[in-house]
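A short reminder: the numbers here are calculations on the coordinates, not readings from a lab. In this text, all values refer to a predicted model and were calculated from it rather than measured experimentally. Virtual Cβ from ideal backbone geometry, glycine too; neighbours counted across all protein chains shown.
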């Protein structure tokens with residue numbers, strides 16, 4: 001069974017802090033990794049994709065991939081209340097396998 | 001450029017009724033997907049279409065059928081709705097690896 005695991009949270013951080021979201025996956029053959037943001041009652045929105053080991057930065061977001069440890073993370077710098085949402089990790093093994101999401105709350 | 005659109009946004013069905021959820025994309029993507037999202041279960045793949053003219057089962061296909069009408073449109077049909085099919089349904093599409101989602105259909109079966 002191919003699995004993607006995330007801490008369900010909620011993860012609470014103060015405004016301006018760094019939020020760190022983590023994800024592990026079971027299939028070593030996984031090739032592509034994605035982070036989606038989902039606001040309550042809305043659809044998932046792609047915010048980051050990463051395909052090779054290391055870091056990928058886009059604005060306040062940094063995705064980190066470690067294939068040896070089967071671990072992918074998302075860092076959100078200078079967290080804002082508008083970042084409060086559920087963050088879904090997705091891993092491509094054939095089709096996408098989604099984690100159940102981590103709920104992030106950024107407190108003003 | 002609307003991206004991925006879905007109709008209807010909300011629907012209430014009685015057990016045993018049938019309905020079709022519609023999805024269309026204007027991004028010229030080859031692949032399209034139907035997911036359902038339930039509390040505590042995450043997103044689960046129902047069916048997908050890798051290209052026009054092909055469809056394949058995903059993780060939870062029972063009780064559903066699909067039609068890839070053309071490159072733009074991919075519909076999901078519930079022939080005899082059951083309360084277990086109460087869920088939020090999302091359509092997605094991709095040209096390669098990055099999937100883009102529609103706004104969703106919230107379906108309640110009573």
Task: Approximate spin-label separation residue B:50-residue B:96, in nm, with each point projected 7 Å along Cα-to-Cβ - done: 1.8 nm
Open item on the list: Can you compute the label reach from residue A:105? Point 7 Å from Cα along the Cβ direction, backbone N cut-off under 15 Å, restricted to the stretch A:65-86.
Closed with: A:81-86
Open item on the list: Which of rounded, prolate or oblate describes chain B when judged by the alpha-carbon gyration tensor and an a/c cut-off of 1.5?
Closed with: prolate
Task: chain A: projected area of the alpha-carbon convex hull, averaged over directions, in nm² - done: 6.4 nm²
- [ ] Can you pull the one-decimal nm distance between simple spin-label points at residue B:106 and residue B:14, each 7 Å off the Cα toward Cβ?
- [x] 2.3 nm
Open item on the list: Just to verify a number: FRET efficiency for residue B:41 and residue A:12, C-beta to C-beta distance, R0 = 22 Å, to 0.05?
Closed with: 0.40
- [ ] Please give the length that would be gained between residue A:56 and residue A:82 if that part of the chain were fully extended, namely 0.36 nm times their separation in residues minus their C-alpha to C-alpha distance (nm, one decimal).
- [x] 7.2 nm
Open item on the list: Given a Förster distance of 41 Å, report the FRET efficiency between residue B:73 and residue A:3 from their Cβ-Cβ distance, rounded to the nearest 0.05.
Closed with: 0.80
Task: Distance in nm between pseudo-label sites at residue A:67 and residue B:65 (7 Å out along the Cβ direction from Cα) - done: 4.2 nm
Open item on the list: Quick check: the distance between the Cα centres of the stretch A:44-108 and the stretch B:60-91, to the nearest angstrom?
Closed with: 28 Å
